[in-house]
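S.K.: Please see the structure below; I have some questions.
The values are calculated or read from the model by the stated rules, or taken from the named source; none is laboratory data. Note that the coordinates shown come from a computational prediction; the quantities given were computed from them, not determined experimentally. Cβ placement follows ideal geometry from the backbone for every residue including glycine, while neighbour counts extend to all protein chains displayed.
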Amino acid sequence: MPSPPSTQGAEARSSIPPTILIVDDEPSIATSLSLILEHHGYRSMVARTGEEAVQLARSTPPHALVCDVIMHEMNGIEAALQIRALCPECRIILMSGNANTTQLLEDARSAGHQFEVLAKPFHPTRLIKRLRSDADGAQGNG
């Protein structure tokens, strides 16, 4: 006679730290954020391009995406939209240190896509606070 299903698997899954996918074409930024997030109890994956990020998200769906907006080939908004299609529950935080991103973000908003935005440079504690906060309460540019 088979034993009843165990809830131990569900409990074990809930204790797994959230996985954060970090995407930045600047290796030092991506690596630094990865180390900081892991120090604060998160699992991290790093991608250097939007295409690489989409592939990683396809194989290992992240809990959150932290992505630079301005990158070569596929920009961060395009990557975020593709990842959101693959992982609808994935929280998306875009990083922007470039004035040229304003129009890209406005175009995305006009198309009905809202993203959280962190202006570069930012102190890593701001990102940690964002990740720990309620997604609905963290909208905005700060």
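S.K.: Restricting to segment 70-89, what's the tally of residues that are touching a residue at least 40 places away in the same chain (Cβ under 8 Å) and within 20 Å of residue 113 (Cα to Cα)?
M.R.: Residues meeting the conditions: 4.
S.K.: Here is a list: 131, 127, 105. Which entry is more than 23 Å from residue 27 (Cα to Cα), surrounded by 15 or more Cβ atoms within 10 Å (Cβ to Cβ) and touching a residue at least 12 places away in the same chain (Cβ under 8 Å)?
M.R.: When all the criteria are applied, what remains is 105.
S.K.: Let me ask something else about it. Among the listed residues 43, 58, identify the single one that is in contact with a strand residue (DSSP E or B) (Cβ under 6 Å, 6 or more places away or on another chain), among the basic types (Lys, Arg) and at pLDDT 95 or above.
M.R.: After applying the criteria, what remains is 43.
S.K.: Now, a different point. Looking only at helices (runs of 4 or more DSSP H) that lie completely in segment 7-115, which have at least 3 residues being within 23 Å of residue 125 (Cα to Cα)?
M.R.: Helices (runs of 4 or more DSSP H) meeting the threshold: 27-39.
S.K.: In addition: Can you find, within segment 42-55, the residue that is surrounded by the most Cβ atoms within 10 Å (Cβ to Cβ) among those that are within 11 Å of residue 20 (Cα to Cα) and out of contact with any helix residue (DSSP H, G or I) (no Cβ under 6 Å at 6 or more places or on another chain)?
M.R.: Going through the qualifying residues, I end up with 42.
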